[in-house]
1. For the charge dipole of the chain, defined by +1 on Lys and Arg C-beta atoms and -1 on Asp and Glu C-beta atoms about the Cα centroid, which residue among Val172, Gly116, Ala84 has the Cα displaced farthest towards the positive pole?
2. Dipole size in debye (nearest 20) for the stretch 1-138 around its Cα centre, Lys and Arg Cβ +1, Asp and Glu Cβ -1?
3. Between 0 and 90 degrees, rounded to the nearest ten: what's the tilt of helix 31-42 against the longest Cα principal axis of the chain?
4. Give the long-range amide H neighbours of Glu25: residues separated by 5 or more places, or on another chain, with amide H under 5 Å away, using H modelled in the peptide plane at 1.01 Å from N.
5. Quick one: Cα centre-to-centre distance for the stretch 140-159 and the stretch 24-60, in angstrom?
6. Compute the signed sum of charges (Lys and Arg +1, Asp and Glu -1) over the other residues within less than 14 Å, Cβ to Cβ, of Gln34.
7. Checking the a/c ratio against 1.5 first, then a/b against b/c, what shape does the Cα gyration tensor give for the stretch 136-180?
8. Kirkwood hydrodynamic radius of the chain from all distinct Cα pairs, in Å?
Amino acid sequence: MANFRPQRNVEYLIVGLGNPGPTYEGTRHNVGYQVVEELARRHGFPRAKRGFDGRCAEGAIGGRPVLLLQPTTFMNDSGRSVAAAARALKLPPDRVLVVHDHIDLAFGRLRLIEGGGSGGHNGLKSITGLLGPGYARLRVGVDRPTSYDPDVVADFVLSRFGESKAEVAALVGASADAVELWLHDGLEEAANRVNGLER
């Protein structure tokens, strides 16, 4: 049962996917966590509290009331957290944006879409199973593994970035920019800008 109660009518839910605990900090699979933390820092959100099987913080981005959520269920069960939050906040899927790593995009590339398949991402599979497919996704390119063997993919996404700290910070910053565009301009216009950018 969630012990978090929003103080206002939240209009948007921004979810950053990852795995909890120090073992996973800084890994490719946790880039969604990093983007949510960057948004919280930029916009002065309060310290995250426990709720909806995750860590959540309420605030505003560009005047829009937002809940930032990091599920702590572990990646494969992320849908339990996201669906609980969306249900409690009475938000339809199109008011939900999920930020996640994507191995079919080169490092630094972003794709903002609504709906679509999971691309083999277990966090998305879980969310779609419980929320439905109509939520927005920000795919954050973390580069490709050397093979698509499941063991190789798992080792790759659970490893830390090979790029410099400055390059990772730039990727996280650009991803946070994309979330802000989605909130301000809506999916179509934001996608036109974000998806065409070369990095």
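Taken together, the values in this text are just the output of simple stated rules run on the coordinates, not laboratory data. Keep in mind that this is a model prediction, so the values were computed, not measured. Using ideal geometry, Cβ is built from the backbone for each residue, glycine included, and neighbour counts are taken over all protein chains shown.
1. Farthest towards the positive pole: Ala84.
2. Numbers: 18 positive and 11 negative charges, 75 e Å.
Around 360 debye, computed over the stretch 1-138.
3. 50 degrees
4. HN-HN under 5 Å from Glu25: empty list.
5. The two parts, judged by their Cα centres, are 24 Å apart.
6. Values: positive: Arg28, Arg41, Arg42, Arg55, Arg160, Lys165; negative: Glu25, Glu37, Glu38, Asp101, Glu163, Glu167, Asp177.
Overall, the nearby charge balance is -1.
7. oblate
8. Values: mean 1/r = 0.0606 Å⁻¹.
Evaluated over the chain, this radius sits at 16.5 Å.
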